[in-house]
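Everything on this sheet refers to the single structure shown next.
The values are calculated or read from the model by the stated rules, or taken from the named source; none is laboratory data. Here the structure is a predicted model, which means the values were calculated and not measured. Using ideal geometry, Cβ is built from the backbone for each residue, glycine included, and neighbour counts are taken over all protein chains shown.
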Amino acid sequence: MILTIMGKTMKKLTKIILPLLYLGQTSIVNAEIKLDESTKNIIKGIIDPTPNIFGSKFWDLDSAGTPSNTENFQYFGTAVSSGDYNNDGYEDLAVGIPGYDFFTLNNTGTVLILYGTANGLSGVNSQFLFQTFVTSPPNVENDNGVEANDFFGTTLASGDFNCDGFVDLAVGTPDEDVTLVGDGGVSRDNVGAVNIFYGSASGFADNGQGSTFLLQGTGTNFFSNMVSDGDKWGFSMAVGNFNYDSNNGNQCMDLAISAPYEDFGNNNSIVDGGQVDVLFGSASGIDGSDRETISQNSAGVADSTESNDLFGYSLAAGNLGKTVVGIDLAVGVPGEKVNNLTDAGIVQVFYSDGENGFMTSVDDQIWSQDSSGVAGLSEAGDKFGSAVVIANFDGAAYADLAISATEEDLNSQGITNAGAVNVLYSTVNGLTSAGNQLFYQLNAGLQGDPQNQDRFGETLTAGDLNYDGVADLVVGVPSEAVSSGAFHVIYGVSNSGLTTQNDDYFENSNGGDQLSISMAIGDFGNGPELATGMPAYNSADNNIDSGAVQVFEFINPDVIFKDDFEN
């Protein structure tokens, strides 16, 4: 099979044999390459749907070096996050395994850390992280350590919260049940919790012991009043230096944590309105005492909290303009009514002042598909805001915002819940509708076959995958092809924005795996790679829904087209 690479001028063609990993398999095939040394433009090839993907590597708990084995219903890969936890110059990968059983305790959950090396991710020195094993003395953390049905590891976020140069890991447990000391010992169900594990030169402490355990009210004077049944605090998280502080030259990253099922009003009559807490980092880390709480009931915030808004269902952080250094926060509100259309959805953007946090009383923005100039049209059930990501897709001064409407219908084709993604670009004055884009399968040259219930855009991530200095957008479609799962890579272009030209589309071949239910980009030693979780994968030894992660490596044109590459 021949991969043809052609350029504007035809110089000497060099025939080489390039080992390519056959995606999704362990075997290696040899692809015969015809290469024009004068160009870097791939026209046609053996991996035509994915012209920029070089190969992939598969991970599960049966992989060499990992500290356990696959079992039924572990859901390995439910969440993934990347960061250089040991500061060795290679990013590492955290994998959430919320269905992991700790001895006789079912579904306690754990997180696997795979460390990056010069040769990529390795099972050597991989480790599990757990909540505390300690039970004495009795306190909030020790009373709520490793427990059955916590599903620890459901959400993950990475950032240097104690500004020491080592990336730390926040692990969300939105299904955490909590027994409050001094509150009669009554358990409150699904209140949610977050553990913060601090990185070091050796990575994390054995089994992650010594982490900081946070509940929604930790560090406040109203602790028990802020811990309520069903809030699911930790459902979504986003990291950014929202108040632009630093220590010893290292930025102190802050953590936004959502509770989209937070209730409001007398007797909690406003159900599932939603709230976001921003916990600020410092040299001593995050303890919850320095915080800002944002909801649609906050003073000066546009709109008002209503039942089933789900404010905070998704979160993303980045500099969207208005200030040179401020990191802003995009909050997905997919249950919001728009012009009386139920579950049409909005995204609310809060701009940082670059010093103290968010300007909640000054022109926060609300975006929907009914916003002036925005492509598309708000419809009941679209759930605009189900996923959000912020990245610089056009190489300009500020980052841009991608927003999923996962249940967008393609009415002209009679397809329900196909899904779509809107992209808004930023200026010095913040986000604008000028030049905004709308993507869905088979639109504007995008690959893929839209089908009922695909939910294109159920997950989003972004990063520079083709080495050009501009962020690219990865759109997850875990429900594609009877939940086999798929993803699209839409490449960013400097001074232009996202383009479907030369896009990548990878569709998994195993039904039900849910590839791309989680995604993260990191340089694990082989350049930027895309880690994609498939938690419903059945293992080779027939464990049901044990889960796995596929890590995709992308072609570096500066290597492929280097002189004497064939040798």
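Any residue at all in the stretch 148-157 that is crowded, with 23+ Cβ neighbours inside 10 Å and more than 21 Å from Ile517 (Cα to Cα)? Checked the stretch 148-157: no residue is crowded, with 23+ Cβ neighbours inside 10 Å and more than 21 Å from Ile517 (Cα to Cα).
Taken across the stretch 388-400, residues that are among the polar types (S, T, N, Q), farther than 15 Å from Val421 by Cβ and surrounded by fewer than 20 Cβ atoms within 10 Å (Cβ to Cβ) do not occur at all.
Restricting attention to the stretch 116-140 and to residues that are among the β-branched types (Val, Ile, Thr) and assigned to a loop (DSSP other than H, G, I, E, B), the residue that is surrounded by the most Cβ atoms within 10 Å (Cβ to Cβ) turns out to be Val140.
Of the residues Asp101, Asp164, Asp143, the single one that is on the phi < 0 side of the Ramachandran plot, touching a residue at least 40 places away in the same chain (Cβ under 8 Å) and surrounded by fewer than 24 Cβ atoms within 10 Å (Cβ to Cβ) is Asp164. State all residues of the stretch 312-347 that are more than 30 Å from Gly395 (Cα to Cα), assigned to a loop (DSSP other than H, G, I, E, B) and either in contact (Cβ under 8 Å) with a residue 12 or more places away in the chain or of a type in the set (Lys, Arg) (or both); if no residue qualifies, say none. Of everything in the stretch 312-347, those that are more than 30 Å from Gly395 (Cα to Cα), assigned to a loop (DSSP other than H, G, I, E, B) and either in contact (Cβ under 8 Å) with a residue 12 or more places away in the chain or of a type in the set (Lys, Arg) (or both) turn out to be Gly335, Glu336, Lys337, Asn339, Thr342, Asp343, Ala344.
Scanning the stretch 523-549 for residues that are touching a residue at least 60 places away in the same chain (Cβ under 8 Å) and surrounded by fewer than 24 Cβ atoms within 10 Å (Cβ to Cβ) gives Asp523, Gly525, Asn526, Gly527, Pro528, Ser539, Ala540, Asp541, Asn543, Ile544, Asp545. The residues listed here are Ser298, Ser282; of these, the one that is touching a Cys at 6+ places or on another chain (Cβ under 9 Å) and either on the phi < 0 side of the Ramachandran plot or not in a loop (DSSP other than H, G, I, E, B) (or both) is Ser282. Being in contact with a Ser or Thr (Cβ under 8 Å, 6 or more places away or on another chain) and either closer than 23 Å to Asn508 by Cα or modelled with pLDDT under 95 (or both): is that true of Phe54 here? In short, no. When the stretch 552-567 is limited to residues that are modelled with pLDDT of 95 or more and out of contact with any Ser or Thr (no Cβ under 6 Å at 6 or more places or on another chain), the one that is surrounded by the most Cβ atoms within 10 Å (Cβ to Cβ) turns out to be Phe554.
Against the test of being at pLDDT below 50, over 30 Å from Ser158 (Cα atoms) and within 32 Å of the chain's Cα centre (by Cα), the options Ile47, Ile17, Ile2, Ile33 yield a single qualifying residue, Ile47.
Among the residues of the stretch 296-353, the one identified as crowded, with 24+ Cβ neighbours inside 10 Å, among the acidic types (Asp, Glu) and within 24 Å of Asn429 (Cα to Cα) is Asp328.
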